[in-house]
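Novice: This is the structure I have questions about; it appears just below.
The values are calculated or read from the model by the stated rules, or taken from the named source; none is laboratory data. None of the values given here were measured: they were computed from a predicted structure. Virtual Cβ from ideal backbone geometry, glycine too; neighbours counted across all protein chains shown. All accessible areas refer to the heavy atoms of the entire protein, side chains included, with ligands and DNA or RNA removed. Shrake-Rupley method; radii C 1.70, N 1.55, O 1.52, S 1.80 Å.
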Amino acid sequence: MSNKTTTSQTYARVHKCRISPAIVIMVLSFLVIPACAQITAKSALPENKQQRDERMQWWREARFGMFIHWGVNSVPAGTYKGKRIPGIGEWIMERADIPVAEYEQFAKQFNPVKFNADQWVQIARNAGMKYIVITSKHHDGFCLWDSKVGNYDIMDASPFKRDILKELSDSCKKHTIRLCFYHSIMDWHHPDAQAPFYPNYDDRGERSNPNFARYVKTYMKPQLRELITNYGPLGVLWFDGEWIKDWTEPQGRDLYNYVRSLQPDIIVNNRVGKGRKGMQGLTKEGYFAGDFSTPEQEIPPTGLAGVDWETCMTMNDTWGFKSYDHNWKSLEDLIHKLVDIASKGGNFLLNVGPTAEGIIPEASVERLEDMGKWMAKNSESIYGTTASPFEKLPWGRCTTKSGKLYLHVFDWPKDGELKVPLPRNDVIKAYLLAHKDRAELLLGSDDNGNLIVTVPRRAPDKVNTVIVLEKEAEPAVTSQAKDGSVTLKASNAVVRGTNARYESGGGKDNIGFWTNPDDYVIWRFNVTKTGTFNAEVTFACAAGAGGSRYVLAVGGQELAGTVKDTGGWTSFVTEKLGTVKITRPGTYNLSVKPKTMPRSAVMNLKSVTLVPIRK
Ligand code: FHN
């Protein structure tokens with residue numbers, strides 16, 4: 001029997017083998033198991049925070065990936081029977097109401113002889129992309145690999161007869177790019193899935209297929225096993241099409257655990273289950289399967305602390321190739337989007353839609369090459385960075401990495417002065433990231449002590465010039481004691497400024513040499529038990545050296561103090577300055593800043609203690 005079987009036979013063959021009584025029992029057991037499986041699936045792969053952080057690390061540091069939407073839909077390329085079909089190209093089967101048997105004719109024409117996996121991988125790599133997510137199977141059901149589970153694939157249903165995913169897998173290994181697969185849960189070709197819904201293959205979740213569970217068990221899961229075991233290890237499994245009625249959260253959880261049981265360190269997006277909130281893509285409150293959120297064609301308005309998310313976006317208006325869609329985003333727009341997303345702590349998955357010949361459109365290649373040129377000089381400000389500490393910046397965005405702030409200047413200051421809402425003393429030095437010798441830029445401050453960076457008159461890079469601020473080290477975080485108190489010792493403080501410094505020995509264990517009133521002291525501490533606290537300052541001051549006024553600031557509250565003589569630089573006394581309220585658990589900064597220094601020095605500061613007031 002030739003393998004050129006018709007659709008129903010393609011899958012029926014799989015089905016027919018079940019008629020025997022053993023099969024019946026097996027099917028019944030299958031129906032029973034799922035319920036409990038889902039329950040057990042919930043805890044099939046316990047993982048603590050550290051293990052999860054290790055699994056997610058490469059992905060979080062990568063920040064930039066290539067999405068590839070490719071398949072049979074690139075043959076009609078947006079036109080059907082001479083008519084241009086509106087909307088995204090990969091939906092032509094649904095949008096033009098093309099019957100399965102007719103659509104299969106396009107598969108017979110899908111022969112991408114110009115496909116070159118190395119070339120594609122190089123294009124991604126040179127653009128600065130760290131991973132590739134390709135559509136192993138999109139909604140139209142066509143599979144880009146040699147599947148032994150079904151015949152609607154590149155080997156059996158098209159004249160190409162080369163395993164595209166195999167060639168990509170080999171190339172990604174060669175060029176150290178992570179290969180990831182997009183996989184559609186919705187399937188407009190499979191008789192047990194949405195094929196019977198013709199012409200409304202995607203009825204937005206109205207209709208149900210009584211055999212859908214069989215599609216999941218005998219087709220989708222076995223194909224996922226093929227993809228993970230024969231083409232892996234994979235970076236991410238990027239599910240989609242989960243909005244159909246026949247797909248449920250428990251099935252999503254089960255599939256999540258099934259996939260991770262095949263490759264424990266794989267990462268799975270939040271479209272494996274029903275947790276996604278529409279195109280905004282964030283995961284709903286509550287327990288939903290999936291490792292990261294997936295905003296589509298949009299960027300969250302603000303950073304999302306502690307949330308793993310990735311915006312996927314087209315370079316024109318379609319994911320799959322459309323011969324007449326030339327509405328390409330500009331290079332400036334694409335770089336600004338990459339930076340905007342990184343500044344909010346997210347990843348950018350930028351799409352290409354290759355032609356039916358296997359060519360990535362020139363307009364995409366050009367833009368990726370130019371993005372690569374920018375990344376070649378500035379990728380330090382993208383890879384491994386975290387979200388900006390600033391709400392909004394009028395001239396651009398900011399990304400951070402240990403002790404460094406990367407200021408991404410989109411709108412260059414005409415007066416050559418870049419204003420940064422940051423205390424001048426928090427910054428050691430500033431330089432242009434892409435400048436060959438990283439010459440230091442002049443630092444100043446405005447009347448409020450906020451930083452002003454003097455920059456060249458003309459923007460070195462008109463799209464986005466990155467200025468690096470090397471920050472003073474951040475203080476180590478002090479934890480709250482069991483009794484709820486917080487003791488901030490001088491040894492844990494960080495001094496901002498020139499003269500004051502920590503000194504120890506000879507009765508000293510304090511911040512001393514405080515002869516510059518611009519110098520100030522900072523601590524960082526963590527609170528789990530909130531409440532009202534007495535703020536107590538332990539200090540010493542030699543006779544006649546007192547009188548300096550200072551401010552203790554924490555959590556948006558300020559307490560004023562005046563240093564009195566204590567009789568010697570090591571005669572420490574503790575003084576209650578006042579009370580402060582800490583209403584929310586979290587990590588806080590506390591600073592002690594002089595306002596005046598009438599004598600030669602401010603004080604020797606030993607510690608600040610926050611003592612909880614018992615109700
Ligand atoms: O329907 C798909 C669409 O074709 C494309 O794959 C995008 C990419 O994220 N996802 C779905 C629409 O949300």
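Novice: For Phe539, are the conditions met, namely being open to solvent by less than 20 Å² (accessible area, probe 1.4 Å), of a type in the set (Phe, Trp, Tyr) and touching a Pro at 6+ places or on another chain (Cβ under 9 Å)?
Specialist: Values: open to solvent by less than 20 Å² (accessible area, probe 1.4 Å): yes; of a type in the set (Phe, Trp, Tyr): yes; touching a Pro at 6+ places or on another chain (Cβ under 9 Å): no.
Here the answer is no, as Phe539 does not meet what is asked.
Novice: How do the strands (runs of 3 or more DSSP E) wholly within region 328-424 filter down when requiring 3 or more residues that are touching a Lys or Arg at 6+ places or on another chain (Cβ under 8 Å): which remain? Explain how you work it out, then say what you get.
Specialist: Values: elements: 347-352, 396-401, 404-409, 417-423.
Hits in region 328-424: 404-409.
Novice: Can I ask one more? Scan region 224-240 for residues that are more than 16 Å from the ligand (Cβ to nearest atom) and crowded, with 21+ Cβ neighbours inside 10 Å and report the count. Give the derivation first.
Specialist: From region 224-240, those more than 16 Å from the ligand (Cβ to nearest atom) are 224-235; that's our starting set.
Pick out the ones that are also crowded, with 21+ Cβ neighbours inside 10 Å and you get 224, 227, 234-235.
Residues in region 224-240 being more than 16 Å from the ligand (Cβ to nearest atom) and crowded, with 21+ Cβ neighbours inside 10 Å: 4 in total.
Okay, residues lined up against (1) farther than 20 Å from Trp91 by Cβ; (2) surrounded by 21 or more Cβ atoms within 10 Å (Cβ to Cβ):
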{"residue": "Thr318", "(1), (2)": "no, yes"}
{"residue": "Lys322", "(1), (2)": "no, yes"}
{"residue": "Lys329", "(1), (2)": "yes, no"}
{"residue": "Leu334", "(1), (2)": "yes, yes"}
{"residue": "Asn347", "(1), (2)": "yes, yes"}
{"residue": "Ala356", "(1), (2)": "no, yes"}
{"residue": "Ile359", "(1), (2)": "yes, no"}
{"residue": "Glu362", "(1), (2)": "yes, no"}
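Novice: If you don't mind, there's one more thing I want to ask. Check off (1) under 16 Å from Ser571 (Cα atoms); (2) under 43 Å from the mean Cα position of the chain (by Cα) for Ala545 and give me the number that stays unchecked.
Specialist: For Ala545, the failing item is (2).
Novice: Continuing with the same structure: Criterion first (more than 11 Å from the ligand (Cβ to nearest atom), among the basic types (Lys, Arg) and either open to solvent by less than 10 Å² (accessible area, probe 1.4 Å) or outside any loop (DSSP other than H, G, I, E, B) (or both)) does Arg260 satisfy it? Break it down stepwise before answering.
Specialist: Numbers: more than 11 Å from the ligand (Cβ to nearest atom): yes; among the basic types (Lys, Arg): yes; either open to solvent by less than 10 Å² (accessible area, probe 1.4 Å) or outside any loop (DSSP other than H, G, I, E, B) (or both): yes.
Yes, satisfied.
Novice: Moving on. Kindly indicate which of Trp514, Trp523 is assigned to a loop (DSSP other than H, G, I, E, B), touching a residue at least 12 places away in the same chain (Cβ under 8 Å) and open to solvent by less than 10 Å² (accessible area, probe 1.4 Å).
Specialist: Numbers: Trp523 fails: assigned to a loop (DSSP other than H, G, I, E, B).
Just a single option satisfies the conditions, and that option is Trp514.
Novice: Consider region 464-492. How many of its residues are part of a loop (DSSP other than H, G, I, E, B), open to solvent by 10 Å² or more (accessible area, probe 1.4 Å) and either touching a Pro at 6+ places or on another chain (Cβ under 6 Å) or among the polar types (S, T, N, Q) (or both)?
Specialist: Total meeting the criteria: 2.
Novice: Just one of Thr248, Thr218, Thr229 is β-branched (Val, Ile, Thr) and farther than 25 Å from Ile154 by Cα; which is it?
Specialist: Values: Thr218 fails: farther than 25 Å from Ile154 by Cα; Thr229 fails: farther than 25 Å from Ile154 by Cα.
From the options Thr248, Thr218, Thr229, the qualifying one is Thr248.
Novice: How many residues are within 16 Å of the ligand (Cβ to nearest atom), within 23 Å of Leu144 (Cβ to Cβ) and not aromatic (Phe, Trp, Tyr) when one looks only at region 195-223?
Specialist: Here is the first cut: in region 195-223, the residues within 16 Å of the ligand (Cβ to nearest atom) are 197, 200-205.
From the residues that got through so far, the ones that are within 23 Å of Leu144 (Cβ to Cβ) too are 201-202.
Add one more test, that the residue is not aromatic (Phe, Trp, Tyr), and what stays is 202.
Of the residues in that region, 1 qualify.
Novice: Any residue that is touching a residue at least 60 places away in the same chain (Cβ under 8 Å), within 14 Å of the ligand (Cβ to nearest atom) and closer than 28 Å to Glu226 by Cα - is there at least one of those in region 322-344?
Specialist: no
Novice: Shifting gears a bit: Working carefully through the options Thr579, Thr532, Thr596, find the one that is open to solvent by 30 Å² or more (accessible area, probe 1.4 Å), of a type in the set (Val, Ile, Thr), outside any strand (DSSP E or B) and more than 18 Å from Ala490 (Cα to Cα). Reasoning before the result, please.
Specialist: Values: Thr579 fails: outside any strand (DSSP E or B); Thr532 fails: outside any strand (DSSP E or B).
Just one listed residue meets the conditions, Thr596.
Novice: Just to check your reading of the model, which residue among Trp243, Trp188 is aromatic (Phe, Trp, Tyr), within 16 Å of the ligand (Cβ to nearest atom) and open to solvent by 10 Å² or more (accessible area, probe 1.4 Å)?
Specialist: Details: Trp188 fails: open to solvent by 10 Å² or more (accessible area, probe 1.4 Å).
Residue meeting the stated conditions: Trp243.
Novice: While we're on this one: Check whether at least one residue in region 82-91 is among the aliphatic types (A, V, I, L, M) and within 16 Å of the ligand (Cβ to nearest atom), and report yes or no. Full working, then the answer.
Specialist: First, the residues of region 82-91 that are among the aliphatic types (A, V, I, L, M): 85, 88.
Then drop every residue that is not within 16 Å of the ligand (Cβ to nearest atom), which leaves 85, 88.
Checking region 82-91: at least one residue is among the aliphatic types (A, V, I, L, M) and within 16 Å of the ligand (Cβ to nearest atom).
Novice: Can you tell me which residue within region 304-316, out of those that are within 12 Å of the ligand (Cβ to nearest atom) and either in a strand (DSSP E or B) or of a type in the set (A, V, I, L, M) (or both), is surrounded by the fewest Cβ atoms within 10 Å (Cβ to Cβ)?
Specialist: Initially, region 304-316 is screened for residues within 12 Å of the ligand (Cβ to nearest atom), giving 310-314.
With the extra rule that they be either in a strand (DSSP E or B) or of a type in the set (A, V, I, L, M) (or both), the set shrinks to 310-313.
Details: Glu310: 27, Thr311: 23, Cys312: 24, Met313: 20.
Once the filter is applied, the top-ranked residue is Met313.
Novice: Residue check, Asn73 against (1) part of a loop (DSSP other than H, G, I, E, B); (2) touching a residue at least 40 places away in the same chain (Cβ under 8 Å); (3) within 16 Å of the ligand (Cβ to nearest atom), all met but one. Which one?
Specialist: (1)
Novice: Whether any residue in region 91-110 is within 30 Å of Asp340 (Cα to Cα), of a type outside the set (S, T, N, Q) and modelled with pLDDT of 95 or more is what I want to check.
Specialist: Of region 91-110, the ones within 30 Å of Asp340 (Cα to Cα) are 91.
Subset that is of a type outside the set (S, T, N, Q): 91.
So of that shortlist, the ones also modelled with pLDDT of 95 or more come out as 91.
The answer is yes, given that some residue of region 91-110 is within 30 Å of Asp340 (Cα to Cα), of a type outside the set (S, T, N, Q) and modelled with pLDDT of 95 or more.
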